[in-house]
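A.B. asks: This is the structure, below, for whatever I ask next.
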Amino acid sequence: MNKTLKATVLAFALAGATALSAQAADTVITFDPGVVAYGYSDGYWTTKREWRTWEKPEYVEVYRKHPGARYYEYRHDRDHDMGWRGEVRNGR
């Protein structure tokens, strides 16, 4: 009986791990242009002053069409301040 109980517990544990893996695979991450302070051809600064590269090419276009977007068609490291242009305006 002890072996049967262990086998049952193991089977449930494996089934639970498989379900969690499948659930994680279904997670969709979307791009929020509202977190971008300044955009460049090679990435963007977030409103929290974090540098990120564009995860997908279409995110550049999504941001460029966003109202109030500040996009610069060159690499951020061209500027002495690495493209950070000061405080974020308009609550962003």
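The values are calculated or read from the model by the stated rules, or taken from the named source; none is laboratory data. Bear in mind that the values here come from a model prediction, so they are computed numbers and not experimental data. Don't worry about glycine lacking a Cβ; one is built from the backbone with ideal geometry, like all the others, and counts go over all protein chains shown.
A.B. asks: Restricting attention to segment 45-75, and to residues there that are touching a Ser or Thr at 6+ places or on another chain (Cβ under 8 Å) and not in a loop (DSSP other than H, G, I, E, B), which single residue is surrounded by the most Cβ atoms within 10 Å (Cβ to Cβ)?
C.D. replies: The extreme case among them is Val60.
A.B. asks: Is one or more of the residues making up segment 15-31 touching a Ser or Thr at 6+ places or on another chain (Cβ under 8 Å), modelled with pLDDT of 80 or more and surrounded by 14 or more Cβ atoms within 10 Å (Cβ to Cβ)?
C.D. replies: Looking through segment 15-31, none of the residues is touching a Ser or Thr at 6+ places or on another chain (Cβ under 8 Å), modelled with pLDDT of 80 or more and surrounded by 14 or more Cβ atoms within 10 Å (Cβ to Cβ).
A.B. asks: Starting from segment 60-87, take each residue that is within 19 Å of Pro33 (Cβ to Cβ) and list its partners that are of a type in the set (D, E, K, R) and in a loop (DSSP other than H, G, I, E, B), counting only C-beta distances under 7 angstrom and pairs at least six apart or across chains.
C.D. replies: His76/Asp42; Trp84/Arg49
A.B. asks: Sticking with this structure for a sec: Does Tyr59 satisfy the criteria of being more than 11 Å from the chain's Cα centre (by Cα) and at pLDDT 90 or above?
C.D. replies: No.
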